[in-house]
Amino acid sequence: MKQNIRHLSIEELQEQFVALGEPKFRAGQVWQWIWQKGAAGFEEMTNLPKAFRDKLAEHYDVFKMSVADKQLSSDKTIKCGFRLYDQEFVEGVLIPQEKRMTACVSSQVGCSLTCSFCATARLARKRNLYFDEIYDQVDMLNRMALETYGSHLSNIVLMGMGEPLLNYSNVMKAIERITAEDGLGMAAKRITLSTAGIAKMIKKLGDDEVTFNLAVSLHAANDEKRNRIMPINETNSLAALKEALEYFYAKTGTRVTYEYVMLQNENDTPQDALELAAFSKYVPSKINLIEYNPIENGIYQKSSGNAIHRFKALLEEKGCIVNIRRSRGEDIDAACGQLANRQAAGSL
């Protein structure tokens, strides 16, 4: 297999191009094509001599992902199935809203966690995404936003398929490229990483003093219920999560967001609200209450509107900052917890 040219630093490109008998400045030209202009192949690099493009094609490949499938929701949400170089698939979602344009991107092919409310959890984790594959999703969804809605992305959420903190190095490198001036130039404060709560890696985020936002999928604030909803809690208990989040906040000063999917008669009682309020006070935080999105053969029902509003009122009485997040793209299985890679099952 040819070398992935995007896995080389600009210094490595300079060194290798000189070895191929080319001037050093060619590295900067190629770098711009692969990171800013979104080139999928060397034939697109029209300001390069054809002989050099042929030389590049002989030694390297770009391995850029392609859009294999696209669905448009009645609420204008777009879900994309992306085909990777090895024919695997991941899904990404473009969510247009009145004041923001958000890309929800994946970090793994499948997922190794087994959250009971999530369709992605039923897929085996086949591999981690490389940093350039995470970058591609953002780049391609940004181009789609411009083409379809005339607007750049305003926000990026790593809330798609997979657990970002179990692919730490690629996720961090992707964010570095997304925020770099010679990449997409997006502000780190516009990026949110969502985790199921890997305590050790949350501490590492603190050690790395990250400047992007952190969201924690909590879904219950007592261990017995959270074990049932999210088995990862068995090895990353609420006590361990509390300690990690306190460490993260001490290092970064960044307010944490708690994501809480509302499950009827499972985690939507007044007692659940009081437990969540207590947990949320350990570090400055806000809470997003999320409507449950049904999945095929799911074991849960969504909480009623009345139950969600009562839950929100109880939290606010305890001084919590609370938002209710409405489902987007539910009719095309693009909403939270619904990404199930149907392309892999042969629906294309």
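The values are calculated or read from the model by the stated rules, or taken from the named source; none is laboratory data. Please read these numbers as outputs of a predicted model, since none were measured by experiment. For neighbour counting, all protein chains shown are included, and Cβ atoms are generated from backbone atoms with ideal geometry for every residue, glycine included. The area values use the complete protein model at the heavy-atom level, side chains included, leaving out ligands, DNA and RNA. Shrake-Rupley method; radii C 1.70, N 1.55, O 1.52, S 1.80 Å.
Taking the criterion of being over 25 Å from residue 123 (Cβ atoms), open to solvent by less than 50 Å² (accessible area, probe 1.4 Å), among the β-branched types (Val, Ile, Thr) and out of contact with any Leu (no Cβ under 6 Å at 6 or more places or on another chain), would at least one residue in the stretch 151-162 satisfy it?
Taking the stretch 151-162 and keeping what is over 25 Å from residue 123 (Cβ atoms), we get 151-155.
Remaining after also requiring open to solvent by less than 50 Å² (accessible area, probe 1.4 Å): 151, 153-155.
Applying the additional criterion that residues be among the β-branched types (Val, Ile, Thr) yields none.
No, because not a single residue in the stretch 151-162 is over 25 Å from residue 123 (Cβ atoms), open to solvent by less than 50 Å² (accessible area, probe 1.4 Å), among the β-branched types (Val, Ile, Thr) and out of contact with any Leu (no Cβ under 6 Å at 6 or more places or on another chain).
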| request: Using the structure shown, decide if residue 169 is assigned to a loop (DSSP other than H, G, I, E, B), surrounded by fewer than 22 Cβ atoms within 10 Å (Cβ to Cβ) and over 11 Å from the mean Cα position of the chain (by Cα). | output: no
| Going through the stretch 190-212 one residue at a time, which ones are open to solvent by less than 30 Å² (accessible area, probe 1.4 Å) and outside any strand (DSSP E or B)? | 196, 197, 198, 199, 202, 205, 206, 210, 212
| request: Search the stretch 42-64 for residues that are in contact (Cβ under 8 Å) with a residue 40 or more places away in the chain and pair each with any residue that is open to solvent by 70 Å² or more (accessible area, probe 1.4 Å) when their beta-carbon atoms are under 7 Å apart and the residues are at least 6 apart or on different chains. | output: 59/2; 59/3; 60/2; 60/3; 61/2; 63/85
| query | So, in the stretch 285-305, of the ones that are at pLDDT 95 or above and among the polar types (S, T, N, Q), which residue ends up nearest to residue 189 (Cα to Cα)? | reply | 285
| field | Residue check, residue 306 in contact with a helix residue (DSSP H, G or I) (Cβ under 9 Å, 6 or more places away or on another chain) and not in a strand (DSSP E or B) | value | no
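Table: residues versus (1) assigned to a loop (DSSP other than H, G, I, E, B); (2) of a type in the set (Asp, Glu); (3) open to solvent by 10 Å² or more (accessible area, probe 1.4 Å).
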residue: 47; (1), (2), (3): yes, no, yes
residue: 51; (1), (2), (3): no, no, yes
residue: 56; (1), (2), (3): no, no, no
residue: 63; (1), (2), (3): yes, no, yes
residue: 70; (1), (2), (3): no, no, yes
residue: 74; (1), (2), (3): yes, no, yes
residue: 82; (1), (2), (3): no, no, no
residue: 87; (1), (2), (3): yes, no, yes
| note | Of the residues in the stretch 289-328 that are crowded, with 18+ Cβ neighbours inside 10 Å, in contact with a Ser or Thr (Cβ under 8 Å, 6 or more places away or on another chain) and touching a residue at least 60 places away in the same chain (Cβ under 8 Å), the one that is farthest from residue 97 (Cα to Cα) is 300
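Identify, from the list 260, 282, the residue that is open to solvent by 50 Å² or more (accessible area, probe 1.4 Å) and closer than 25 Å to residue 189 by Cβ.
Details: 260 fails: open to solvent by 50 Å² or more (accessible area, probe 1.4 Å).
After applying the criteria, what remains is 282.
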| Looking only at the stretch 213-234, which residues are modelled with pLDDT under 95 and not in a helix (DSSP H, G or I)? | 230
| message | As an exercise: evaluate residue 321 against (1) among the β-branched types (Val, Ile, Thr); (2) touching a His at 6+ places or on another chain (Cβ under 8 Å); (3) over 27 Å from residue 166 (Cα atoms) and give the number of the one condition it does not meet. | response | (2)
| message | Can you tell me how many residues within the stretch 93-109 are touching a Ser or Thr at 6+ places or on another chain (Cβ under 6 Å) and open to solvent by less than 30 Å² (accessible area, probe 1.4 Å)? | response | 1
| request: Scan (1) surrounded by fewer than 19 Cβ atoms within 10 Å (Cβ to Cβ); (2) under 17 Å from residue 279 (Cα atoms) for the single condition residue 248 breaks and write down its number. | output: (1)
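For residue 132, are the conditions met, namely being outside any strand (DSSP E or B), out of contact with any helix residue (DSSP H, G or I) (no Cβ under 8 Å at 6 or more places or on another chain) and either in contact (Cβ under 8 Å) with a residue 40 or more places away in the chain or farther than 19 Å from residue 194 by Cβ (or both)?
Details: outside any strand (DSSP E or B): yes; out of contact with any helix residue (DSSP H, G or I) (no Cβ under 8 Å at 6 or more places or on another chain): no; either in contact (Cβ under 8 Å) with a residue 40 or more places away in the chain or farther than 19 Å from residue 194 by Cβ (or both): yes.
The answer is no for residue 132.
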| request: Would you check if there is a residue in the stretch 177-185 being assigned to a helix (DSSP H, G or I), β-branched (Val, Ile, Thr), open to solvent by 40 Å² or more (accessible area, probe 1.4 Å) and in contact with a Phe, Trp or Tyr (Cβ under 9 Å, 6 or more places away or on another chain)? | output: yes
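With respect to residue 113, determine if the residue is more than 28 Å from residue 3 (Cβ to Cβ), touching a strand residue (DSSP E or B) at 6+ places or on another chain (Cβ under 6 Å) and part of a loop (DSSP other than H, G, I, E, B). First the steps, then the outcome.
Numbers: more than 28 Å from residue 3 (Cβ to Cβ): yes; touching a strand residue (DSSP E or B) at 6+ places or on another chain (Cβ under 6 Å): no; part of a loop (DSSP other than H, G, I, E, B): yes.
Considered against the rule, which asks whether it is more than 28 Å from residue 3 (Cβ to Cβ), touching a strand residue (DSSP E or B) at 6+ places or on another chain (Cβ under 6 Å) and part of a loop (DSSP other than H, G, I, E, B), residue 113 comes out as no.
Give me the residue from the stretch 1-27 that is under 19 Å from residue 176 (Cα atoms) and part of a loop (DSSP other than H, G, I, E, B) and, out of that set, least open to solvent (accessible area, probe 1.4 Å).
First pass over the stretch 1-27, keeping only residues under 19 Å from residue 176 (Cα atoms): 4-13.
Filter once more, keeping what is part of a loop (DSSP other than H, G, I, E, B): 8-9.
Values: 8: 14, 9: 41 Å².
The residue in question is 8.
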